[in-house]
Amino acid sequence: MKKQYVLIGLIALIVQFAQAQFTLDGEFRPRTEYRNGFGSIIPKALEPGFGISTRIRLNAGYEVDAYKFYVSFQDVLVWGENRQILPFDQNNSFAVFQAWAELNLGSGWSTKLGRQVLSYDDQRILGGLDWAQQGRNHDAGLLRYKKDKFALDVALAFNQDYSHPTGFISVANVYNTSGFFSYKTMQMAHLSQDWKNFSGSLLLMNNGFQNDAAGLNDVANLQTIGTHLKYKNGAFGAAANVYLQTGEAIYGTSYKDVSASLLGLDLTFKTSDKVTLGAGLEIISGNDETDPTKTGAFFPLYGTNHKFNGFMDYFYVGNHANNIGLVDIHASANFKLSDTSSLLVKALNFSGEQDLPSGESALGTEIDLVFKKKFKGYALVVGYSHMFASDGMYELKGVTEEVAADMQNWAWAMLVLKPKFLN
């Protein structure tokens, strides 16, 4: 009798999976880095850094007509950070990277609830930050509508920490979690439309920030409004960003009224099947206000900032907030070396949108090289970047040229494996 029950259960399970789609996949991504001026000018007194980190992920998805479910577990391991035979993870980096359910509401409508990646357009304002081993996610509810080539996403978030000693919600809903532009509330709408050779989107976002550590128990609301436009016709392509920021932001222990902008234009031209050329300009407003309660500095918030303004992350990657802004003029060439390999060469010239106190505005030039090679089942990516700093860069980063290392460079190599266990 027990065997019959087991058999019936197995048949029921098989029928259920026959009517659903189940996926199980993973990621193994070790990356070796040599850092000698990555993120900022390194002084001569400091030795270059060298280390290896590994991101591992296990992702499971389940889909039926009524809903989708997805969960992603990840850990970021730095080689050697745990002492031998330690029974726990010393860096406490194991986390649920994503955990969401998307309900099908019918007629093109759905809602997605839980921890998820919010990534739109070229990821300038909202992106997954996949370069960072930890990535970026949001705890939010998302209402979605899609019909033909039109899409509307509306996201709402209310962040909280259960930090009261009794275990209940913290007193007066005070949000104590600190972090670079970590928000308490978010309201976002993203509309997009595709045509034959042209696409456009509109982003409306409000973020509410609370800094209880500074005694600011009310919420400062910052609005980001803008559009991303894209055109493609044969070998020629163009993309433009126009964003404005207004409202309030918290810097240190005070609020500042914000009036800021970001303008970007990128052009590409495919000269052949083997070569694609690119050129672009991005102007990010800086703070030219003498009034300490105001700022003209734009910050791109939750985008994949590593993708922009140089791979050495000198700007807007946990830095350069409420500063002199940036003018980034860049040119690139992407060479398809074979069906499985490519080489990107990019040069970027940086200057401040505002002058530094000395009157300097020139910051320097960065050269980025990235080689990619695909193998059967995995890929290898290798990069090298070199910063040729100008006088303004030393002043901006607070390191004099006399004490700075003679060379500012960064090299890395990354292996990417994405096994699919079940589909």
- Message: For the list (1) over 22 Å from the mean Cα position of the chain (by Cα); (2) surrounded by 15 or more Cβ atoms within 10 Å (Cβ to Cβ); (3) in a loop (DSSP other than H, G, I, E, B), I need the number of the one condition that T290 fails.
- Response: (2)
- Note on the structure: The residue from A279, A297, A331 that alone is over 21 Å from Q408 (Cα atoms), small (G, A, S) and open to solvent by 40 Å² or more (accessible area, probe 1.4 Å) is A279
- Note on the structure: Selection from the range 299-336 of residues free of Cβ contacts under 8 Å to residues at least 60 places away in the same chain and of a type in the set (A, V, I, L, M) yields L326, V327, I329, A331, A333
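Yes/no matrix, rows are residues, columns are (1) assigned to a strand (DSSP E or B); (2) open to solvent by 60 Å² or more (accessible area, probe 1.4 Å); (3) hydroxyl-bearing (S, T, Y):
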{"site": "R35", "(1), (2), (3)": "yes, yes, no"}
{"site": "G39", "(1), (2), (3)": "no, no, no"}
{"site": "D65", "(1), (2), (3)": "no, yes, no"}
{"site": "G80", "(1), (2), (3)": "no, yes, no"}
- Number of the condition not met by S93 [criteria: (1) of a type in the set (G, A, S); (2) surrounded by 15 or more Cβ atoms within 10 Å (Cβ to Cβ); (3) within 30 Å of L142 (Cβ to Cβ); (4) modelled with pLDDT of 95 or more]: (4)
- Conditions (1) among the small types (G, A, S); (2) farther than 15 Å from E353 by Cβ; (3) at pLDDT 95 or above -> A260 fails only (2)
- Message: Quick check on my filter: what residues within the range 240-293 are over 14 Å from S332 (Cα atoms) and among the polar types (S, T, N, Q)?
- Response: N241, Q245, T246, T253, S254, S259, S261, S272, S285, N287, T290, T293
- Within the range 130-143, track down each residue that is open to solvent by 30 Å² or more (accessible area, probe 1.4 Å) and assigned to a loop (DSSP other than H, G, I, E, B). D130, W131, Q134, R136, N137
- Message: Six or more apart or on different chains, Cβ atoms under 8 Å: show the pairs whose first residue is in the range 277-291 and more than 28 Å from A347 (Cα to Cα) and whose second is assigned to a strand (DSSP E or B).
- Response: E289/T295
- Message: With the requirement that a residue be surrounded by fewer than 15 Cβ atoms within 10 Å (Cβ to Cβ) and touching a residue at least 12 places away in the same chain (Cβ under 8 Å), what does the range 41-54 give you?
- Response: P43, K44, A45, L46, G49, F50, G51, I52
- Task: May I ask you to list the residues in the range 256-276 that are surrounded by fewer than 18 Cβ atoms within 10 Å (Cβ to Cβ) and either within 19 Å of the chain's Cα centre (by Cα) or part of a strand (DSSP E or B) (or both)?
- Result: D257, S259, S261, L263, L265, L267, T268, F269, K270, V275
- Task: Return the only residue of T32, T54 being under 25 Å from M414 (Cβ atoms) and touching a Pro at 6+ places or on another chain (Cβ under 6 Å).
- Result: T54
- Message: I'd like to check something: does the range 386-408 contain any residue that is surrounded by fewer than 19 Cβ atoms within 10 Å (Cβ to Cβ), assigned to a strand (DSSP E or B) and either within 23 Å of the chain's Cα centre (by Cα) or without any contact (Cβ under 8 Å) to a residue 24 or more places away in the chain (or both)?
- Response: yes
- What do you reckon, is Y183 modelled with pLDDT of 95 or more and out of contact with any His (no Cβ under 8 Å at 6 or more places or on another chain)? no
- Quick check: anything in the range 103-117 assigned to a loop (DSSP other than H, G, I, E, B), surrounded by 15 or more Cβ atoms within 10 Å (Cβ to Cβ), among the charged types (D, E, K, R) and at pLDDT 95 or above? no
- Query: How do the pairs read when you match residues in the range 143-155 that are under 15 Å from D121 (Cβ atoms) with residues anywhere that are surrounded by 15 or more Cβ atoms within 10 Å (Cβ to Cβ) and of a type in the set (A, V, I, L, M), using Cβ under 7 Å and keeping only pairs 6 or more apart or on different chains?
  - Reply: L152/L191; D153/L142; A155/L118; A155/A140; A155/L142; A155/M186; A155/M188
- Query: Which of the residues that make up the range 346-385 are on the phi > 0 side of the Ramachandran plot and open to solvent by less than 40 Å² (accessible area, probe 1.4 Å)?
  - Reply: G364
- Query: Which one is farthest from V275 (Cα to Cα), of the residues in the range 339-385 that are assigned to a strand (DSSP E or B) and touching a Lys or Arg at 6+ places or on another chain (Cβ under 6 Å)?
  - Reply: L380
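The values are calculated or read from the model by the stated rules, or taken from the named source; none is laboratory data. For clarity, every value in this text was computed on a predicted model and none was experimentally measured. Every residue, glycine as well, gets a Cβ built from its backbone with ideal geometry; the counts of neighbours run over all protein chains shown. Areas reflect the complete protein model, heavy atoms only, side chains present, ligands, DNA and RNA absent. Shrake-Rupley method; radii C 1.70, N 1.55, O 1.52, S 1.80 Å.
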